[in-house]
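I have placed the structure first, in the form of structure tokens, so that the comments after it can refer back to it.
The values are calculated or read from the model by the stated rules, or taken from the named source; none is laboratory data. Just so we're clear, the structure is a prediction, and the values are computed from it rather than from any experiment. Here the Cβ positions follow ideal geometry from the backbone for every residue, glycine too, while neighbour counts run over all protein chains shown.
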Amino acid sequence: MNQWVFLTSAIVAEVIATSALKASDGFTKLVPSLITVSGYLIAFYLLSLTLRTLPVGIAYAIWSGLGTVLIAVVAWIVYGQKLDWAAVIGMGLIVAGVIVLNVFSKSGSH
């Protein structure tokens, strides 16, 4: 159960770090730059804890897939990034892929 808490927390930390990366304006603004560096350190540390029990391929697919979808949503809300139907459908397919990995794949079995 802890691996899912670690993985979820890693995803949240990565989304915060990536959002702050945009705000850092090329690392020219101190506070967003510090949030970026701290967020990525936390994200990778938590991901490493996840990899103690989950296979790397499964953990990374979930981390990168859900992180991609979440950062797109954050960019839409916070930065006014436009999301067309193709982007929404693509994000839906990413989420569907993560669900298929978790529900139907035996790749995560040890």
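Annotations for the structure displayed:
- If you go through segment 31-76 and keep only what is farther than 15 Å from VAL88 by Cα, at pLDDT below 95 and either assigned to a helix (DSSP H, G or I) or of a type in the set (Ser, Thr, Tyr) (or both), you end up with THR53, VAL56, GLY57, ILE58, ALA59, TYR60, ALA61, ILE62, TRP63, SER64.
- Unique match (being out of contact with any Gly (no Cβ under 8 Å at 6 or more places or on another chain), farther than 17 Å from ALA20 by Cα, among the small types (Gly, Ala, Ser) and surrounded by fewer than 14 Cβ atoms within 10 Å (Cβ to Cβ)) among ALA96, ALA59: ALA96
- Condition check for LYS106: over 22 Å from GLN3 (Cβ atoms) and in a loop (DSSP other than H, G, I, E, B): no
- Note on segment 74-93: residues that are among the β-branched types (Val, Ile, Thr) and surrounded by 15 or more Cβ atoms within 10 Å (Cβ to Cβ) amount to 1.
- Residue in segment 6-28 that is part of a helix (DSSP H, G or I) and more than 24 Å from ILE94 (Cα to Cα) present: yes
- Figure legend. Inter-residue proximity from segment 25-48: first residues within 22 Å of ALA59 (Cα to Cα), second residues among the charged types (D, E, K, R) and assigned to a helix (DSSP H, G or I), beta-carbon distance below 8 Å, spacing 6+ or different chains. Indicated pairs: GLY39/GLU14; TYR40/GLU14; ALA43/GLU14.
- The number of residues in segment 59-76 being free of Cβ contacts under 8 Å to residues at least 24 places away in the same chain and within 30 Å of ASN2 (Cα to Cα) comes to 4.
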